[in-house]
Amino acid sequence: FIQDLSKAMSQAGSSQFQEVIRQELEYSMKVELDKILATAHSNEIEHTKKDLEGFKKLFHRFLQEKGPSVDWGKIQRPPEDSIQPYEKIKARGLPDNIASVLNKLVVVKLNGGLGTSMGCKGPKSLIGVRNENTFLDLTVQQIEHLNKSYNTDVPLVLMNSFNTDDDTKKILQKYSHSRVKIYTFNQSRYPRINKETLLPIAKDVSYSGENTECWYPPGHGDIYASFYNSGLLDNLIAEGKEYIFVSNIDNLGATVDLYILNHLMNPPNGKRCEFVMEVTNKTRADVKGGTLTQYENKLRLVEIAQVPKAHVDEFKSVSKFKIFNTNNLWIALSAIKRLQEKNAIDMEIIVNPKTLDGGLNVIQLETAVGAAIKSFENSLGINVPRSRFLPVKTTSDLLLVMSNLYSLNAGSLTMSEKREFPTVPLVKLGSSFTKVQDYLRRFESIPDMLELDHLTVSGDVTFGKNVSLKGTVIIIANHGDRIDIPAGALLENKIVSGNLRILDH
């Protein structure tokens, strides 16, 4: 008994001790944040205060939560009717008054990211992807085409970050005569914290020059708070808008789908969904994508970072978790307002470790927009065709969308009818192609890829004009060697290695 008692006391002691440490950390954080706020100019005080309040809430939750936030034993497959096949939704057809339905929609693009992973400075949305058109150009063209075709007024809203706001606003002037109203609002700006001390590394509010590294935009889960805080949410509700369609600006497949919109506005059972997540079938390339599960009687998005180490392989298996989140989301504006006012949007915290240029280890606390699905009523997954997920994260992706695999019409890319297989080829370009300007220099023109299954390129390789690639093509230049694929070459099931010896594959 005495042993049990002392054990219980020491356990109580350790949890009390942890609580004391937590309180001290929160107090120290508050002191530091107050010091930072004191350096703000009068015109910055209001929004800086909102940002730091939001950060404080996130930090408080970070100190409370321990380890991956899912209990693996509670994860179940979603019920049959909670993920609907797109075909079933499309089969309902469209009502005559589709224009009045469209007028209730707002398109929101997540535009906070920089093009750094592709070697570009400035917003990723300003990288040219097709015939000189940028991601942003294509988005505006798509919505303009909708508005002209149906005589509607669907606006475009860009969620920028402090990294992308200035450059994006300069570019927006060129669309002033287009038939799309464009609004912007900014994501919050949160302080990076030192991994050892758990205190902010920023000493004041400035974020230019050497202070750029002190701050970060806290992931796209921040959309709910910053959209609400900007006042834009209320304005759009006042204009009679009811749903937003949210997607990443680099997902070229994320166009407005009238069938999904109709399903939301005119639900077959009369009960409207507040949140719809488009999911699509996993392939071997998508094993890390977040998946929809049933958890404590709610649909829940589970990301790989939340999975206990022992179950990561199971999570990645294509047989057990067959679908993943495309991050194309349809959300009711009134529901965002209601939940935001009740402070009831619950998203897991993603702890993102970074090492700064000087070698300092910091952490960023982030959230993901889709994780809020469990806070909304009557959520639904829709299993959409793969064509609605066409993200351009790397120059390998860029090669696919620039090629003749796709045709461009009114800002939308569609798979060429001449392609015999519905899937895209697997393309892996080596590190010599990582930066956009290097990639462009290495192709005199984009090869014909209609009959390509697989392309791997490694080392110092360039392509002449009008090259055709078919089947499986592997091109490997050894260190110090260079391979120039001559103009007009046809490579079908070939391995090219060393100093341009072409072998049958």
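The values are calculated or read from the model by the stated rules, or taken from the named source; none is laboratory data. The structure displayed is predicted, hence computed values, not measured ones. Don't worry about glycine lacking a Cβ; one is built from the backbone with ideal geometry, like all the others, and counts go over all protein chains shown. In case anyone asks, the SASA skips ligands and DNA or RNA and just uses the protein heavy atoms, side chains included. Shrake-Rupley method; radii C 1.70, N 1.55, O 1.52, S 1.80 Å.
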Report the antiparallel proportion of the DSSP beta bridges in region 72-388 as a percent, rounded to a multiple of 5.
55
How much accessible surface area, in Å² rounded to 10, belongs to the heavy atoms of His220 with a 1.4 Å probe?
60
Would you please classify the overall shape of region 72-388 from the alpha carbon gyration tensor, given that a ≥ b ≥ c denote the square roots of the eigenvalues, rounded means a/c under 1.5, and beyond that prolate means a/b larger than b/c while oblate covers the rest?
oblate
Ranking Val351, Thr184, Val362 by how far each Cα lies towards the positive end of the charge dipole of region 72-388 (+1 on Lys and Arg Cβ, -1 on Asp and Glu Cβ), the top one is Val351
Could you name the aspartates and glutamates whose alpha carbon sits less than 12 Å from that of Lys181, not counting residues in the same chain fewer than 8 places away?
Glu144, Asp153
Could you size up the charge dipole of the chain around its Cα centre, putting +1 on the beta carbon of Lys and Arg and -1 on that of Asp and Glu, and report it in debye to the nearest 20?
540
Charge-dipole axis of region 72-388 as Lys and Arg at +1 and Asp and Glu at -1 on Cβ define it, positive-most pick from Tyr207, Ile143, Leu158
Ile143
For the chain, what does -39500 (n - 2.57) per DSSP helix run (n ≥ 4), summed and divided by total residues, give at 222 nm, in deg cm²/dmol to the nearest 500?
-8500 deg cm²/dmol
Which entries in Lys56/Lys337; Lys203/Lys428; Lys109/Lys354 show an alpha-carbon gap greater than 31 Å?
Lys203/Lys428
Based on the alpha-carbon gyration tensor of region 130-192 and its eigenvalue square roots a ≥ b ≥ c, which shape applies: rounded if a/c is under 1.5, prolate if not and a/b is larger than b/c, or oblate?
prolate
Accessible-area order (highest first, 1.4 angstrom probe) of the listed residues Arg441, Arg189, Arg338:
Arg441, Arg338, Arg189
Taking H placed 1.01 Å from N in the peptide plane, check which residues at least 5 places from Ala489 or on another chain put their amide H under 5 Å from its amide H.
Ser468
Highest mean first, how do 386-398, 428-440 rank when packing is the count of other Cβ atoms within 10 Å averaged over residues?
386-398, 428-440
Magnitude of the Cβ-charge dipole of region 147-217, K/R +1 and D/E -1, about the Cα centre, nearest 20 debye?
380
So how do 167-174, 179-186 stack up, highest first, on mean other-Cβ count within 10 Å?
179-186, 167-174
Charges only on Cβ, +1 for Lys and Arg, -1 for Asp and Glu: so what's the dipole of region 20-117 about the Cα centre, in debye to the nearest 20?
220
